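Below is one structure, written out as structure tokens; comments come after it.
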Amino acid sequence: MFISVLDLFKIGIGPSSSHTMGPMVAAKDFLGRIQKYAGHQQPLPAFLQVRCTLRGSLAFTGKGHATDRAVTLGMHAYTPPALAKIDVNELFQRLWQQTTIRIDDRVEIHFNPAQDIIFDRGDPLPEHPNGMIFQLIDGTGQTVLTETYFSIGGGFISTLQEIGQLVAPIKMEATRSCGYPFDSANQMMKMSADSGLSVAAMKRSNEQERISEAQLNDGLDAIWDAMRTCLEKGLVAEGRLPGGLNIKRRAHALYRQLQNNPQQANLNDWLCAYAMAVNEENAAGHMVVTAPTNGAAGVIPAVIYYAVRHEGATQQQVRDFLLVASAIGGLIKHNSSISGAEVGCQGEVGSASAMAAAGLCAIRGGSTEQIENAAEIALEHHLGMTCDPVGSLVQVPCIERNGFGAIKAYTAASLAIRGDGQHFMSLDNCIAAMKQTGLEMSVKYKETSLGGLAVSITEC
């Protein structure tokens with residue numbers, strides 16, 4: 001099994017990898033299919049219109065997660081990375097007013113986002129809770145081109161044909177495609193013992209079968225630079241977050257208190273300030289890195305930033321941290337899910353915490369067994385965590401939850417590094433438990449805002 005670190009960590013925009021970035025990628029892909037259709041179909045119908053129907057979790061929480069904005073941007077050929085450093089709000093407001101999209105000099109299709117993006121709150125599509133049906137319709141109402149997409153977490157998408165061929169909710173390369181193709185944590189430990197290589201070294205070797213060392217290092221450095229930039233912007237930003245809950249940004253005030261009185265600051269304070277800074281930026285729709293999702297984007301940057309700023313972690317250690325974290329994230333995505341709509345927040349913040357714990361343990365000199373133990377400890381103590389965002393927004397409880405995920409990651413790494421790597425519950429069993437828990441979890445607690453905290457507020 002191979003999932004690249006440069007795919008798992010993706011630079012894009014908030015507030016959601018599955019509800020914003022995935023739908024944007026899907027819309028742009030459908031735009032490309034329309035362009036191919038227009039180039040080959042002669043004669044073209046005189047009238048063509050695009051319709052996008054959102055199903056399942058995308059329909060229930062898409063408004064709060066900016067799914068309609070994402071589809072609009074994608075239909076105008078924008079991608080998440082291209083939007084990371086521009087004013088998305090101004091661009092979106094301009095595109096929202098347009099009712100047509102020009103394919104080329106001779107072809108123009110009708111697309112009115114306010115009318116042609118439909119939030120269908122009926123039954124979700126059976127294959128996945130994050131479904132989107134795109135249609136190109138002629139003047140008689142007939143569908144001349146259609147594709148069904150699924151946003152499967154972390155900004156990844158799959159078509160209807162592809163998802164039926166997958167053994168896990170992700171596109172990945174076959175085991176023969178890399179030198180250390182571990183599909184489980186147990187295999188990872190055995191390959192490490194047999195080869196004498198660390199987890200970071202095995203992951204690096206797999207990556208360098210596809211790209212050069214320089215390309216890999218540049219990619220890792222770009223990921224960390226984007227994470228750090230997002231975090232530091234969040235530490236100085238003030239005001240209230242968009243969406244209607246009137247939530248005040250808190251990371252700046254917390255950070256200022258810690259700076260003014262550092263002798264009274266503890267590890268938990270710093271980690272919460274750093275993690276919350278990232279997730280406030282995500283909630284504002286600004287640049288963020290999937291780690292492994294947007295909703296959990298603050299955990300890993302917070303732990304790395306603390307290690308760099310407070311413990312002197314080097315650039316090479318940051319690279320190793322990301323490599324090890326992606327190895328664990330790949331195992332979780334391969335054997336379970338990182339999608340809140342599939343398994344609840346245990347798959348988002350829980351996965352991020354496990355990845356961060358493993359990365360921190362690795363750069364502190366932990367053995368492969370200790371790394372596996374750190375990841376298991378962190379994931380185990382997120383099992384059963386629901387995804388029930390208030391107001392369909394990635395704000396309450398999501399922002400604070402990232403701080404606690406970072407704290408648990410640090411604690412898990414500390415516990416593991418003080419042990420010998422031997423423990424009762426394996427990471428593989430813990431991942432399996434997360435998957436089963438997610439399958440049995442009510443849909444009300446899987447990013448639909450139909451239960452839990454989402455319906456436990458009193459309107460005044």
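The values are calculated or read from the model by the stated rules, or taken from the named source; none is laboratory data. Everything numeric here is computed off the predicted structure, so don't read it as measured data. So basically every Cβ, Gly included, is an ideal-geometry build from the backbone, and we count neighbours across all protein chains shown.
There is at least one residue in segment 332-353 that is surrounded by fewer than 24 Cβ atoms within 10 Å (Cβ to Cβ) and assigned to a helix (DSSP H, G or I).
Report whether or not R228 is in a loop (DSSP other than H, G, I, E, B) and touching a residue at least 24 places away in the same chain (Cβ under 8 Å). Against the criterion (in a loop (DSSP other than H, G, I, E, B) and touching a residue at least 24 places away in the same chain (Cβ under 8 Å)), R228 does not qualify. Go through segment 162-220 and report how many residues are modelled with pLDDT of 95 or more and assigned to a helix (DSSP H, G or I). Adding up the residues that qualify gives 28. In segment 372-384, the count of residues that are part of a helix (DSSP H, G or I), under 22 Å from the mean Cα position of the chain (by Cα) and more than 20 Å from L8 (Cβ to Cβ) is one or more. Given the condition assigned to a helix (DSSP H, G or I) and not assigned by TED's automatic domain parsing to the domain that holds I338, answer yes or no: does some residue in segment 95-108 qualify? Yes, segment 95-108 has at least one match. Each residue in segment 80-91 was checked for being without any contact (Cβ under 8 Å) to a residue 60 or more places away in the chain and within 21 Å of C52 (Cα to Cα), and 1 pass. In segment 51-60, the condition of being part of a helix (DSSP H, G or I), of a type in the set (D, E, K, R) and touching a Ser or Thr at 6+ places or on another chain (Cβ under 9 Å) is met by no residue. Cβ-Cβ distances below 8 Å connect the following pairs, each with a first residue in segment 264-285 that is under 25 Å from S16 (Cα atoms), a second residue that is in a helix (DSSP H, G or I) and of a type in the set (D, E), and a separation of six or more residues or different chains: C272/E400; M276/E400; A277/E232.
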